[in-house]
Each structure stands twice: as C-alpha cells, then as structure tokens.
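For reference, the structure discussed in these notes is given below.
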Amino acid sequence: MHGLLRGWGKALYKIRWVVVALWIVIALFGGFAFSKLTPLLSGGGWDVPGSQSLAAGKLLATEFDGRSESSMTLVLKDPQHAVGSAEYKDNLGKIVDRLKTEEGVSGVFSVLDASEGIGSGLVGKDPNLSIAFVDMDVKLDFIINKVPDYQERVVEQAESLGVEAYLVGGAAFFGESSVQSQEGLAKAEIIVFPLIIIILLLVFRSVMATITPLMVTIASVLVAMGIVYLVASEVELSVFVTNSAMMLGLGVGIDYSLFMVSRFKAELENKGKTKQEAIMTTLQTAGHTVFFSALTVIAALSALFIVPIDAIRAIAFGGIAVVFVAGLASLTLLPAVLVILGARINKGSIPFLRPRERTGISGWKKWTKAIMRRPAVFLVLTLIALGVFASPALDMKLDAPDIRTLPADTAVRQGFELMQESFGIGSSSQISIVLRNEGSDLSEPAALESIAALQAELGKQEHVSSVSSVASFFPGMGSDIVSGLLNGGGGSLPADVGFMVNRYVSADRHSAVLEVQLDQLGSSEAGREALNVLRNTVLPGVALPEGTVYSIGGDAMNGIETSEAISDSLLPALGIMLVLIFFILVLTFRSILLPLKAIILNLFSVAATCGILVFVFALGHGSEIFNVESNGYIIHFVPILLLALLFGLSTDYEVFLVSRVKEEHDRTGAHEESIAEGMEKTGPLITGAAILMIAVFAGFAFSGVLPIQMLGFGMAVAIALDSTVIRMLLVPVTMKLLGKASWWFPGRKRPEPEPSNPPKRSDKPLPLANK
C-alpha cells in the first residue's frame with residue numbers, strides 16, 4: 001500500500017489542477033444539494049420490522065377514522081373563560097376555522113361539535129382547557145416539515161386572542177425535532193468553527209496552513225451531503241443524519257488534514273527535497289494512516305447495518321458517506337492543494353507562535369521511559385480507574401426520545417405539558433391495544449362483551465389510570481343494544497357519538513382499539529414495567545373472541561421494542577466490528593498481538609465512556625451544564641453509535657503511533673527505545689488532533705438536540721480518554737510488557753537493525769511531530 005500511495009503522489013503532481021477543478025465542481029453541487037436536503041428527511045424510521053407497535057400503528061392509521069400517522073391534537077387554554085362559555089367558544093371557533101384552511105387538514109372535532117356527554121371527555125381537570133382532534137389526509141413525511149409553520153400560526157393567532165393554543169402529537173413532535181436539529185446544527189457550527197480556527201493556528205502557526213485543511217474539510221462535508229441528498233431523494237432517511245454526519249465529517253476531516261499537512265510541512269524542511277518528493281513521502285506515510293483510518297471507521301459503521309432499524313442504518317450510511325469523502329479528499333484534493341502551494345503553506349506565519357528550539361530529552365520521552373519502568377503497576381491502576389468510570393454503565397437504561405428531549409420553551413412541549421396537567425401525565429403517551437379478527441365481526445354482542453371484560457381487566461392493573469374503548473360511549477347498555485346501534489347504519493347514532501365510535505371501531509367492524517392511560521410517563525421505569533406486565537402477563541391470559549389477535553402500539557411500546565432490537569443487535573454488531581478491525585490492523589501492523597491489544601484497550605475505553613455518559617445524562621450529575629434534564633435513561637441509539645465511532649476513530653491514533661514505533665523498531669531493533677521514540681515523535685500531533693476532535697464534538701454537545709448532545713459529549717469524552725489514558729499510558733506499558741512478542745507474525749523474519757547512522761533530519765522530533 002505504501003508503494004501504491006507513493007506512486008499516486010507522483011501521478012497527482014502532474015494532474016493537480018485537474019483534481020482541484022473537479023473537486024470545486026463537485027463541492028458546488030454538494031452545497032446546492034445540501035440546501036435542499038432538510039425537506040427530504042424524516043423524523044420516523046424507528047419502527048422494528050415485525051414488531052407489535054408497527055403492526056398496531058399500521059392498523060390504527062388505515063382502519064380507524066382520525067388516527068392517521070399525521071393526525072394531531074389541538075390544545076386550547078383560555079385563562080379568562082371556562083370551556084363552554086360564549087367567549088371560549090368564539091375563540092376556539094376562530095382558531096379551528098383558520099386551522100381547517102391549512103394544507104392537509106381534513107377536519108377538526110372539538111367541543112363545538114360535541115354534545116355534553118361526548119364533550120366532557122374533551123375537557124380535563126382544568127375547566128379552562130379542552131382538546132380537539134385534528135384529522136389529516138396527507139402522509140407524515142409530506143407534512144412533517146410544514147407542521148412547524150402550522151404551529152407558529154396557531155400560537156400567534158392564539159396570542160392575538162389572549163389564549164394559549166398548541167398542536168401536539170407525533171407529527172408535531174417530529175416537525176419540532178426537525179427544526180431543533182437544524183437550529184442545533186447552526187448553533188454547533190457557531191461554536192465549533194472559531195475553536196477549530198484557533199486550535200489550527202496554535203498547531204500550525206501560520207494562516208495558510210490553518211485555512212487549507214479547513215477549506216478541504218468543508219468541501220468534503222458538502223460533497224458528502226450531496227451524496228446523502230441523492231439517497232434521501234429515493235429512500236427515507238432520519239433527520240439525525242445531518243447532525244451526526246456533520247459532526248463526524250468535521251472531526252475526521254480536520255483530523256486527516258492535520259496528519260497530512262504536518263507531514264508535508266516537515267518534508268519540505270528537508271533540504272533539497274522538491275514539492276513532488278515531499279507529497280510522495282507524505283502520501284506514503286501520513287496517507288497510509290489516513291487510508292486505514294477511514295477504512296476502519298467505514299468498517300465499524302458498516303456493522304450497524306445489522307441493526308433492523310432504518311433510522312440507525314440511515315445514520316450509519318451518513319457516517320460512511322462523510323468518512324469516505326473525507327478520506328478521499330485527504331488523499332486527492334488536499335495533496336493537490338499542497339503541491340500547488342508548496343512552501344507557501346507556511347505563508348502568514350505568526351511570529352509570537354514560532355516554536356522554540358528544544359534541547360535535551362523531551363518530556364514525551366521522559367514520561368514514556370518513566371512509566372515503562374513499572375509497567376504492571378501503571379497498567380493495573382489505569383484499568384482500575386477505567387473500571388470505576390465504567391461502573392455507572394452497569395445500570396444503563398435505553399429508551400426512545402420523548403417530549404422531554406425538546407427544549408422547555410418549544411410550543412409542542414408546552415402543549416404536551418398543558419395536556420398532561422389537565423388529563424394526567426400519561427395522556428401524552430397512551431398505550432393502544434388493537435384487536436383484529438379477519439373472520440368475525442367485533443361489533444357482535446359476544447365480541448363486545450369480551451372487549452368490555454378486557455377493558456375492566458386492564459383497568460385493575462397497577463399504574464393504569466383509565467381505559468377507553470367503544471364500550472365507554474354506551475354506559476349501562478347491554479351488548480345486544482350496542483351491537484344493534486353499531487350496525488344500524490349511519491343514522492342510528494348521533495353525529496358526535498358516531499365520530500368517537502369510529503375512532504375505536506373500524507368501518508368493517510373487524511378491528512377495535514382500547515386506549516390505556518398510565519399514571520406515569522411511558523418512558524419512565526414504572527411506565528415500562530406497567531407496559532411489560534400488560535404485554536407479558538395480562539393480554540396473553542385474556543380470553544378474546546376466536547380468531548382475534550392483538551397488537552400493542554404507542555410511543556412507549558415502540559420505545560421498548562426499538563431498545564430491545566438495538567440491545568439484541570449489540571453483540572452481533574460488536575462481533576462484526578471487532579473481526580473487521582482486527583483484520584485491518586493485522587494488515588496494517590503485520591502483527592497478531594498488537595491488534596488484539598488495541599481492541600481490548602478500546603473496549604475499556606468504550607465502557608468508561610458509557611459510564612461517564614450515564615453519570616451525566618441519565619443520573620443528572622452535571623447535565624445542567626448542557627441545559628438538559630436527566631430522564632434516567634440514555635437515548636437508545638447513542639451507545640451503539642458511540643461503539644462504532646470510537647472503534648473506528650481510535651484506530652486513527654493507534655495506527656499513527658504504532659506505525660511510527662514500528663518504523664523505529666525496524667530501523668534500530670531496540671524495542672523500548674522505539675516505543676519512546678514513537679511517543680516523542682507522534683505525541684504532540686496526536687494531542688493536537690485530539691484537541692481538535694474534542695472541540696468539534698464538544699460543540700455539538702451544546703447543540704440543544706438531546707440525542708446529538710449525548711453523542712457529541714460521548715465522543716468528546718471518548719477521544720479525551722483515547723488520546724490520554726490509552727495512548728499516553730496503556731499503549732506504552734502494554735507494549736513494554738509484551739516485549740518482542742509485539743512484533744510476532746507467522747512467517748515473518750526478524751528485521752536486521754540498520755547500521756548506526758545519524759538520523760535524517762525528517763526523523764528529528766518537530767514541534768508538531770510527523771509520522
């Protein structure tokens with residue numbers, strides 16, 4: 001691979017302007033496509049194939065009136081007037097009439113359309129608040145990016161009338177999540193880019209060397225987003241793709257550029273070396289690191305395709321696209337730009353940042369030799385410390401993002417909280433139990449009696465505050481009479497009763513739904529336990545009409561099934577990751593024990609990162625720094641993404657450090673001295689790269705979008721641990737303990753040390769070491 005990359009460097013020198021021109025054209029297309037991407041993204045994709053929640057959701061959306069995926073609920077509170085008063089009705093009427101003019105709204109059912117009996121169900125404990133059902137006749141994906149505009153107009157109209165009004169429901173939640181995602185991305189960029197510029201200036205000490213990697217990284221991110229746009233035009237992709245891909249793209253793009261520019265600058269310092277020779281050596285060395293690092297990240301992310309959830313696969317695809325393009329740009333565009341610039345890469349040198357001449361043994365070498373004197377002690381103490389950090393992860397709970405992931409000042413969350421205050425905390429996360437019988441009519445007397453019995457049984461369970469079914473609208477009536485009313489034609493029921501009945505029984509009478517409301521949030525531990533009792537104990541033991549099957553739906557059930565699917569996929573995905581990374585590192589190092597060592601140390605690092613993540617975001621120790629409230633759980637897709645990203649990115653530093661150690665060992669044959677030399681020559685650059693990565697990821701930790709905040713914080717912690725505890729402590733001491741066995745590989749002869757010649761200038765430690 002070294003020879004291939006060196007040959008590419010020779011060819012690239014001749015076509016450098018062509019390469020740059022092609023990248024400019026592609027980047028312009030990517031930027032245009034990126035501007036059109038957001039409307040194509042979806043808040044969905046979290047359903048598990050074959051799951052109960054998916055089956056229930058499909059039946060609810062297709063078999064019942066007013067329960068389409070895009071349907072919402074209008075919450076209206078008039079602080080001055082009670083529901084039913086002329087003033088309240090007037091305000092409600094104005095808001096409803098204007099809402100009906102919005103695209104996709106097919107009807108609104110409110111207290112204005114209901115009799116006293118039905119209307120009482122639309123009013124909760126607060127006499128000044130009511131809800132209305134907003135039916136939509138368009139698909140969720142189409143309406144999701146329009147709902148925030150609907151919401152804004154509803155809120156503004158309500159404020160002009162002196163009342164509060166909000167739209168709530170899945171469509172409103174996903175729409176607001178999309179808005180928060182875009183705003184969070186902009187906020188992260190405002191934080192991240194100044195930090196990147198400052199750090200690059202400190203690292204390179206010149207303006208041109210700072211601008212070059214930044215521009216190349218931006219170009220690669222734009223091209224990657226163009227690829228995402230092309231795929232999103234044909235396939236549903238999650239709204240989280242842009243944030244996660246942008247975060248990863250900035251991180252690896254700057255990281256790869258740092259390795260390449262540093263080595264190129266170092267090669268130019270060798271007297272007599274031409275630009276062509278410098279870029280050939282840069283690609284042969286730093287380019288090798290970039291190639292295998294990108295390959296490893298892509299391999300790690302590819303393992304996530306085993307998870308049977310479209311949203312996670314979409315996020316993995318976005319990551320693969322951005323890493324592939326970043327690696328490609330670092331091996332094509334960046335070398336072409338470097339060759340064009342040549343020595344001008346040092347233009348705009350900052351005088352007060354010029355490095356001082358170093359005399360004597362460096363601090364890196366002193367530190368490495370010190371810890372290698374007692375390797376076992378440092379190994380044991382460090383692993384114990386990582387174990388302590390990891391301990392909170394033993395009680396890690398996973399769940400889907402709920403309304404609490406949105407900022408408290410968003411209209412959707414305020415609407416949900418008003419609804420919870422009036423109708424109960426579980427009103428925003430009701431459990432839907434959908435019955436389906438292909439052969440029999442569920443409106444027959446015997447079937448209605450079974451539904452009523454099931455309703456009564458569900459109502460007895462702990463944490464169940466209420467249960468609604470078709471029987472709720474015919475209190476005290478016998479099943480024969482109710483059956484006759486249901487099957488007596490459209491005129492046998494009042495219009496409002498008919499509307500509500502059609503929300504609980506399908507038009508063909510082969511499907512029925514019961515709604516269970518808990519006195520807990522569905523995502524709370526008590527809520528999950530109550531749902532699991534219904535799922536595993538109550539429903540399997542209930543006698544239903546012959547041929548009737550049931551499925552459980554709702555956000556809480558979807559969250560449980562999604563979390564279970566991710567947990568079940570964790571070990572297989574990890575196994576695939578480890579095997580792929582092992583073989584890649586074996587090819588890179590030509591060693592068996594070094595890849596095994598890297599994988600084991602990374603497992604400790606991942607565990608410690610997850611423990612710190614749980615400590616902050618789930619247990620709430622310091623979560624106020626990020627302006628979030630702890631909910632007792634971690635968003636279900638964050639740990640598995642952290643696992644893939646950390647295993648991929650940590651290889652960056654592993655390859656960079658160990659390759660340099662191997663280079664020294666092949667040259668001298670001195671094992672311990674090679675470790676110290678490798679640490680001395682790569683330590684400053686790894687530290688600089690890590691600081692850049694941490695700055696990027698930490699910026700996203702303050703983005704205001706909870707899943708991305710968790711991911712950003714987790715990656716920042718992981719990179720901090722990897723660049724300090726792992727690279728500065730555990731790698732040197734484990735290699736010391738392994739001794740010459742570190743380099744064992746079947747069939748490889750021990751290299752003969754080179755004659756004791758003075759080192760070339762490029763081998764001398766630089767202020768920013770090169771590979």
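Measuring nothing but how far apart in sequence close Cα pairs (under 8 Å, 6+ apart) lie, relative to its length, the chain scores a relative contact order of 20 percent. Judged by the gyration tensor of its Cα atoms, with axes a ≥ b ≥ c, segment 237-296 is prolate; a/c meets the 1.5 cut and a/b is the larger of a/b and b/c. Can you tell which of 691, 531, 157 lies farthest toward the positive end of the dipole of the chain, using +1 and -1 charges on the Cβ of basic and acidic side chains (Lys, Arg; Asp, Glu)? My answer, from the dipole projection, is 691.
Here is the P(r) of segment 72-168: all C-alpha pair distances, binned every 5 Å from 0, give 2, 14, 26, 26, 17, 10, 4, 1 in whole percents.
Between segment 430-492 and segment 370-409, how far is it from one alpha carbon centroid to the other, in angstrom? Spelled out, the Cα-based centre of one part sits 50 Å from the other. Per residue, the convex hull spanned by the alpha carbons of segment 437-542 comes to 112 Å³.
Highest-first packing order for the peptide set 296-305, 187-196, 312-321, 17-26 is 312-321, 296-305, 187-196, 17-26, based on the mean count of other beta carbon atoms within 10 Å.
Seen from residue 372, the other residues with C-beta closer than 10 Å to its C-beta sum to a net charge of +3, counting Lys and Arg as +1 and Asp and Glu as -1. Straight-distance candidates among the lysines for linking to residue 460, with alpha-carbon spacing under 27 Å and chain neighbours fewer than 8 residues away dropped: 125. With contributions of -39500 (n - 2.57) from each DSSP H run of at least four residues, the per-residue ellipticity at 222 nm computed over the chain stands at -20000 deg cm²/dmol. Remark: segment 441-535 carries a charge dipole of roughly 120 debye about the Cα centre, counting +1 on each Lys and Arg Cβ and -1 on each Asp and Glu Cβ. Straight Cα distances below 12 angstrom link residue 58 to the aspartates and glutamates 47, 69, with same-chain residues fewer than 8 positions distant left out.
Given axes a ≥ b ≥ c from the Cα gyration tensor, I'd like to know whether segment 354-480 is rounded (a/c under 1.5), prolate (a/b larger than b/c) or oblate. Prolate, since a/c reaches 1.5 and a/b exceeds b/c.
With the charge dipole of the chain set up from +1 on Lys and Arg Cβ and -1 on Asp and Glu Cβ about the Cα centre, the Cα lying farthest toward the positive end among the listed residues 742, 518, 179 is that of 742. Go through 450, 479, 115 and say which Cα lies farthest out towards the positive end of the charge dipole of the chain; charges sit on Cβ, +1 for Lys and Arg, -1 for Asp and Glu. Most positive-ward Cα: 450. For a straight C-alpha distance cut-off of 18 angstrom, the aspartates and glutamates reachable from residue 10 (same-chain residues fewer than eight places away being disregarded) are 267, 277. Put simply, the amide H of residue 634, placed in the peptide plane, has neighbours under 5 Å in 397, 398, 399, leaving out anything fewer than 5 places away on its chain. Set the bar at 31 Å for Cα to Cα. Now go through 14/265; 273/597; 366/662; 94/187; 365/597 and name every pair that lies beyond it. The pairs that break the limit, which is 31 Å between Cα atoms, are 273/597; 94/187.
The structure shown yields semi-axes √(5λ) of the Cα gyration tensor in Å, and of the options [x] 59, 27, 22; [y] 90, 34, 26; [z] 53, 32, 22 that calculated value carries the label [x].
The modelled label-to-label distance for the pair residue 153/residue 230, using points 7 Å beyond Cα in the direction of Cβ, is 3.7 nm. Here the gap between residue 25 and residue 586, fully extended at 0.36 nm per residue and compared with their Cα-Cα distance, gives a gain of 198.2 nm. Peptides 409-422, 643-656, ordered by how many other C-beta atoms sit within 10 Å of their residues on average, highest first, read 643-656, 409-422.
Protection proxy ranking, highest mean first, for peptides 279-288, 174-183, 566-575: 279-288, 174-183, 566-575, where packing is the per-residue count of other beta-carbon atoms within 10 Å, averaged. Placing +1 on the Cβ of every Lys and Arg and -1 on the Cβ of every Asp and Glu, with no other charges, gives segment 72-168 a dipole of roughly 120 debye about its Cα centre. Legend: helices of the chain (whole DSSP H runs) are marked when their alpha-carbon atoms reach 27 angstrom or more along the helix axis and their mean Kyte-Doolittle hydropathy is at least 1.6; marked are 16-35, 207-232, 310-331, 593-613.
Its Cα centre serving as origin, the chain has a Cβ charge dipole (Lys and Arg +1, Asp and Glu -1) of approximately 6480 debye.
Quick note: the coordinates plus some simple rules give every number you see, no bench work behind them. Computed from a prediction, not measured in an experiment: that's the story for all the values here. Positions of Cβ are backbone-derived with ideal geometry, glycine not excepted, and every protein chain shown enters the neighbour counts.
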